[in-house]
Amino acid sequence: MQPQNASSTTNNNFYLYPNPATDEIFFEYNAGEYIGSIIEIYDYLSRKVIELTLSDNENKIIINTKELNNGIYQFAVKYRGEIIYQNQVVIIK
């Protein structure tokens with residue numbers, strides 16, 4: 001469940017919150033449709049800082065952002081090599 005004061009980014013299949021974030025972000029998805037999709041998070045220099053694979057036994061993944069510096073990051077989900085969702089995530093400590 002999303003905290004009341006957190007903003008989020010959503011579309012029909014994905015839900016990303018909170019944004020801005022501090023130590024973790026939550027990403028909800030339809031596990032049945034997107035098994036094997038890859039989450040990639042890039043810093044402002046386009047360096048990949050996080051990569052995770054979506055599994056079929058979850059509908060929500062918690063992404064640890066404690067090691068990331070303050071800034072704006074590009075968040076993308078790729079399925080079969082194509083970007084199916086992308087957005088920006090702001091990290092503020």
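The values are calculated or read from the model by the stated rules, or taken from the named source; none is laboratory data. Quick caveat: nothing in here was measured; it's all calculated off a predicted structure. So basically every Cβ, Gly included, is an ideal-geometry build from the backbone, and we count neighbours across all protein chains shown. To get the accessible areas, we keep the full protein, side chains included, count just its heavy atoms, and leave off ligands, DNA and RNA. Shrake-Rupley method; radii C 1.70, N 1.55, O 1.52, S 1.80 Å.
Between SER55 and ASN87, the simple spin-label model (points 7 angstrom out along Cα→Cβ) gives 2.3 nm.
Starting from the exponent 0.38 and prefactor 2.2 Å, build the expected Rg for the stretch 13-93 from its residue count and divide its actual Cα Rg by it. Walk me through the numbers before you get to the answer.
Numbers: Rg = 12.0 Å, N = 81, 2.2 N^0.38 = 11.7 Å.
Ratio of Rg to 2.2 N^0.38 Å for the stretch 13-93: 1.03.
Residues whose amide H falls under 5 Å from that of ILE84, counting only those 5 or more places apart or on a different chain, are VAL77, LYS78, TYR79, with hydrogens built in the peptide plane.
Would you mind counting up the charge near ASN59? Only other residues with Cβ under 15 Å from its Cβ, with Lys and Arg at +1 and Asp and Glu at -1. Charge balance in the 15 Å sphere: -3.
The mean sequence distance of close C-alpha pairs (under 8 Å, at least 6 residues apart), as a share of the length of the chain, puts its relative contact order at 28 percent.
For the chain, which whole-number percentage of the solvent-accessible area (1.4 Å probe, protein heavy atoms only) is attributable to carbon and sulfur atoms?
Details: 2650 of 5810 Å².
It is 46 percent, rounded to a whole number.
Here the Karplus curve 6.51 cos²θ - 1.76 cosθ + 1.60, taken at θ = phi - 60°, turns the phi angles of the stretch 80-85 into couplings of 6, x, 10, 6, 10, 7 Hz, with x standing for Gly and Pro.
Relative protection proxy for 68-78, 47-57, from highest mean packing down: 68-78, 47-57 (other beta-carbon atoms within 10 angstrom).
Solvent-accessible area per residue for the chain at a 1.4 Å probe radius, Å²?
Ligands and nucleic acids excluded, the figure is 62 Å² per residue.
Under 5 Å from the amide H of VAL49 lie the amide H atoms of ILE41, TYR42, ASP43, each residue being 5 or more positions distant or on a separate chain, with H modelled from the backbone and absent for Pro and chain starts.
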